[in-house]
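*Asks:* Take this structure, written in structure tokens, and hold onto it; I'll ask about it next.
Each reported figure results from applying straightforward, stated rules to the coordinates on display, with no laboratory input. As the structure is a prediction and not an experimental result, all values here were calculated from the model. All Cβ positions, glycine included, derive from the backbone under ideal geometry; neighbour counts span all protein chains shown.
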Amino acid sequence: MNSVRGMNKTPGEFRKVQNYIGPPGADISQATYIPPSPEEVMPAMDNLEKYIHYEEKDTIVQLAIIKAQFEIIHPFLDGNGRIGRILIPLFLFYKNIISKPVFYLSTYLEKHRDEYYQHLNNITAKNDWNGWISFFLKAVIEQAKMNIEKAGAIQNLYDQMKITIPEITGSKYSMQLTDALFISPLFSINGLSTASMIPKATIIRIVNILKNEKIVTEIQKSRGQMPGLFKFKALYNIVK
């Protein structure tokens, strides 16, 4: 992995040195949390993998434990937070709880960042698993509610655009275009043409109409081989 964040921190390999979590610039003596030693990482990850495949009675409680255990082990030198976040939708998808791996808790956890880290720290400091599991279950419930609200807003917008776009464009391709916009609210002319299977010249004409009606906005002008980028603002504001 080249030219990416953490590329000099043995990406994809379990750490072979001791890491720690603390304020920026702090040394290990000022750490707020010190994960298990490098020698303990492989056995801990082996146990975690076995538990991931275990048929627990409550899948969401199991996920709470998996998420915490991964963060506690902190097996990599970099990227543990990102991998810990992606574990959530991947596990729910693996267990057939969701049809696509797209359920993320990042918004809720970031909003309650201090509480999130406090509950994780309380597991190792006080063996307080109940506090962490309660917090995690609340996070899942609240995030699910937010997702339902977003889904409703997207459906309402789609119903509105199915009427508006044909009216203002007068194009026989209006429904193809509408569907393509809802798949990708950020797009280039070529990308939208390919996704919608609409001729490029027609796409240019329709996008200009949508720009004039302020349904889409140009966020990057084309430069050389760099294509111009457009945003379907109403949808983007819902899903961002």
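*Asks:* Please give the calculated 222 nm ellipticity per residue for the chain, where each DSSP H segment of at least 4 residues contributes -39500 (n - 2.57) and the sum is spread over every residue; nearest 500 deg cm²/dmol?
*Replies:* On the way: 10 runs with 144 residues, N = 240.
Value at 222 nm, helices only, nearest 500: -19500 deg cm²/dmol.
*Asks:* Please check the chain for the longest run free of GluC sites (Glu not before Pro) that are loop-located per DSSP (anything but H, G, I, E, B) and have at most 11 other Cβ atoms within 10 Å. Working shown, then result.
*Replies:* Details: sites that count: 13, 55.
With a cap of 11 other Cβ atoms within 10 Å, the longest stretch comes to 56-240.
*Asks:* Defining a contact as two alpha carbons under 8 Å apart and six or more residues distant in sequence, what relative contact order in percent does region 147-239 show? Intermediate results must be reported in sequence, preceding the final value.
*Replies:* Values: 94 pairs, mean separation 26.7, N = 93.
The value is 29 percent.
*Asks:* On to the next question. What's the exposure ranking of 112, 74, going from fewest to most Cβ atoms within 10 Å?
*Replies:* On the way: 112 16, 74 20.
Lowest count first: 112, 74.
*Asks:* So what are the radius of gyration and Dmax for the Cα set of the chain, in Å?
*Replies:* My reading of the Cα-based Rg and Dmax gives 23.1, 68 Å.
*Asks:* A further question on this structure: Restricting to DSSP loop positions (anything but H, G, I, E, B) with no more than 14 other Cβ atoms inside 10 Å of their own Cβ, which chymotrypsin sites (Phe, Trp or Tyr not before Pro) remain in region 25-72? Please list the in-between numbers first.
*Replies:* Working: sites: 33, 51, 54, 70; in loops: 54.
Hits after loop and neighbour filter: 54.
*Asks:* Just to compare against my own numbers: the Cα pair-distance distribution for region 28-104, 10 Å bins, whole % per bin, please.
*Replies:* Final binned percentages: 18, 48, 27, 7, 1.
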